[in-house]
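Participant: Have a look at this one before I ask anything.
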Amino acid sequence: MDSILDLGFLCAPAPESVLPLLADVNDVIAQITLPSAPHQRFHAVEVAQGIAFFVSPISPSFAIRVAQATAQALQPLGFAGTITACAGRLGPRPRKKPRFAYNASICAVDAAIDQSRMPLAFREVKDNQSCWATESSAFSTLVDRLTGWAAENTKGLILAGLHFTMIRCGPEQAAAVLKQCCGDVGWANLLVPTKHGDWYVNFSREGWLHVGVEYKDGAPEGLNALTTLLQELEPLYDYAAVTLNHFGAVTPNSVMVRSPVPGPSDSEFAADHSFVKTSAPGIFAFQVLGPGHPEMKPGDAWQTFPLDGGKRMIISRDPSAWWGRREGYPESGFDALRAANKLLLGKWAGPVTMPDAGPP
């Protein structure tokens with residue numbers, strides 16, 4: 001039985017070959033239909049090595065058929081070269097396991113679409129069930145700002161695509177890849193090496209943006225750079241929470257909800273984005289709140305830093321008590337903080353109930 005993949009296809013021309021126009025390649029790949037999603041369509045983007053398009057979900061055997069059919073269709077257009085999988089890499093990395101990152105989970109309500117995973121009588125649901133409002137100026141501006149930031153801070157290649165299948169890009173090409181993947185597939189990834197370590201940007205299936213910088217044994221430079229980025233992006237989002245978690249593929253639930261602490265499931269994160277304008281999915285060592293959020297209590301537990309656009313950064317006076325534990329929250333006093341901030345937590349304001357350990 002074939003496994004299921006996310007796969008980028010790279011059409012790399014030979015030196016003497018012409019590169020087909022994007023419109024012509026789109027006409028070719030418009031014939032691709034997935035057995036599990038026959039109405040879904042895919043689109044090409046220009047990258048540093050040629051032209052790429054991304055397909056998900058796809059089996060290895062079907063991927064071979066797609067590559068062969070694409071090659072045959074491109075030959076009459078003057079294309080000669082190879083069609084391979086997008087397999088860009090940053091190069092060797094230290095074999096350090098597990099690898100951790102400071103992660104900012106960001107919700108930009110105007111860039112997202114509420115998606116309950118169920119079709120409604122008045123709304124057609126795309127096969128990819130995307131939570132990204134790819135036609136909105138809010139989404140486009142967010143992508144352009146992030147890829148521009150990546151270009152300014154990288155010391156190497158920018159990789160864009162779908163996590164395990166990425167391609168080398170310039171900043172404008174990376175923006176095009178992210179926009180197309182979010183539109184065609186429903187999610188996208190960016191990977192960038194900087195002087196502060198590797199960074200990832202994950203446009204998740206749930207319509208949340210995750211930006212992470214490699215954690216280097218507590219060195220503050222990466223966290224400081226992430227804080228600066230949150231300040232620069234402030235007008236473009238409504239809420240953010242910073243956590244310490246594993247580096248790489250994350251979802252909102254995996255980084256912001258720690259059992260047995262009450263919090264939204266990934267389906268709930270996807271189905272309603274506007275709740276972040278007045279409440280939060282949890283209490284964290286570092287959050288960015290907007291004018292619609294209540295004040296964090298008690299006041300002496302938090303440092304508050306007003307931002308230019310009306311939001312405020314709320315940071316624990318002892319963040320190491322949160323980030324120094326696998327659970328992601330302090331060993332003592334966490335229940336009291338949750339009880340003091342019931343108005344902020346809204347429907348997730350229940351106490352932390354530890355499971356019964358059973359008989360000794």
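Participant: Give the number of residues within the stretch 23-57 that are in a loop (DSSP other than H, G, I, E, B), of a type in the set (Gly, Ala, Ser), out of contact with any strand residue (DSSP E or B) (no Cβ under 6 Å at 6 or more places or on another chain) and open to solvent by less than 50 Å² (accessible area, probe 1.4 Å).
Facilitator: 1
Yes/no per residue for (1) outside any strand (DSSP E or B); (2) within 30 Å of Thr243 (Cα to Cα); (3) modelled with pLDDT of 90 or more; (4) acidic (Asp, Glu):
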residue: Ile64; (1), (2), (3), (4): yes, no, yes, no
residue: Gln68; (1), (2), (3), (4): yes, no, yes, no
residue: Lys97; (1), (2), (3), (4): yes, yes, no, no
residue: Gln115; (1), (2), (3), (4): yes, yes, no, no
residue: Met118; (1), (2), (3), (4): yes, no, no, no
residue: Thr141; (1), (2), (3), (4): yes, yes, yes, no
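Participant: Let me ask another. Read through the list (1) buried (at least 20 other Cβ atoms within 10 Å of the Cβ); (2) of a type in the set (Lys, Arg); (3) under 23 Å from Trp348 (Cβ atoms), then give the number of the only condition that Arg258 fails.
Facilitator: Among (1) buried (at least 20 other Cβ atoms within 10 Å of the Cβ); (2) of a type in the set (Lys, Arg); (3) under 23 Å from Trp348 (Cβ atoms), the lone unmet condition for Arg258 is (1).
Participant: Now a separate question. May I ask you to list the residues in the stretch 15-64 that are touching a residue at least 40 places away in the same chain (Cβ under 8 Å) and of a type in the set (Val, Ile, Thr)?
Facilitator: Val18, Val25, Val28, Ile29, Val45, Val47, Ile51, Val55, Ile58
Participant: Which ones in the stretch 198-222 are in contact with a strand residue (DSSP E or B) (Cβ under 8 Å, 6 or more places away or on another chain) and open to solvent by 30 Å² or more (accessible area, probe 1.4 Å)?
Facilitator: Selection gives Glu214, Tyr215, Lys216.
Participant: Hey, another quick one. Contact list please: Cβ distance under 7 Å, first residue in the stretch 65-92 and in contact (Cβ under 8 Å) with a residue 40 or more places away in the chain, second residue open to solvent by less than 50 Å² (accessible area, probe 1.4 Å) and polar (S, T, N, Q), pairs at least six apart or on different chains.
Facilitator: Gly78/Ser17; Phe79/Ser17; Ala80/Ser17; Gly81/Ser17; Ile83/Thr70; Ala85/Thr165; Cys86/Thr165; Ala87/Thr165
Participant: Another one. Among the residues of the stretch 158-170, is there at least one that is among the β-branched types (Val, Ile, Thr), open to solvent by less than 10 Å² (accessible area, probe 1.4 Å) and in contact (Cβ under 8 Å) with a residue 60 or more places away in the chain?
Facilitator: Yes, the stretch 158-170 contains a residue that is among the β-branched types (Val, Ile, Thr), open to solvent by less than 10 Å² (accessible area, probe 1.4 Å) and in contact (Cβ under 8 Å) with a residue 60 or more places away in the chain.
Participant: Something else: Filtering the stretch 59-77 down to residues that are touching a Ser or Thr at 6+ places or on another chain (Cβ under 9 Å) and more than 12 Å from Cys11 (Cβ to Cβ), which residue is most open to solvent (accessible area, probe 1.4 Å)?
Facilitator: Pro60
Participant: Output yes when any residue across the stretch 6-22 is open to solvent by 30 Å² or more (accessible area, probe 1.4 Å), at negative phi and among the hydroxyl-bearing types (Ser, Thr, Tyr), and no when none is.
Facilitator: no
Participant: Within the stretch 314-329, work out how many residues are surrounded by fewer than 18 Cβ atoms within 10 Å (Cβ to Cβ) and either charged (D, E, K, R) or under 16 Å from Pro281 (Cβ atoms) (or both).
Facilitator: 5
Participant: Name the pairs: first residue in the stretch 312-341 and in contact (Cβ under 8 Å) with a residue 24 or more places away in the chain and under 23 Å from Val276 (Cα atoms), second residue among the charged types (D, E, K, R) and exposed (fewer than 13 other Cβ atoms within 10 Å of the Cβ), Cβ to Cβ under 7 Å, at least 6 apart or on different chains?
Facilitator: From residues that are in contact (Cβ under 8 Å) with a residue 24 or more places away in the chain and under 23 Å from Val276 (Cα atoms), there are no pairs.
The values are calculated or read from the model by the stated rules, or taken from the named source; none is laboratory data. Nothing here was measured: the structure is a model prediction, and the numbers come from that model. All Cβ positions, even for glycine, are placed from backbone atoms using ideal geometry, and neighbour counts span all protein chains on display. To get the accessible areas, we keep the full protein, side chains included, count just its heavy atoms, and leave off ligands, DNA and RNA. Shrake-Rupley method; radii C 1.70, N 1.55, O 1.52, S 1.80 Å.
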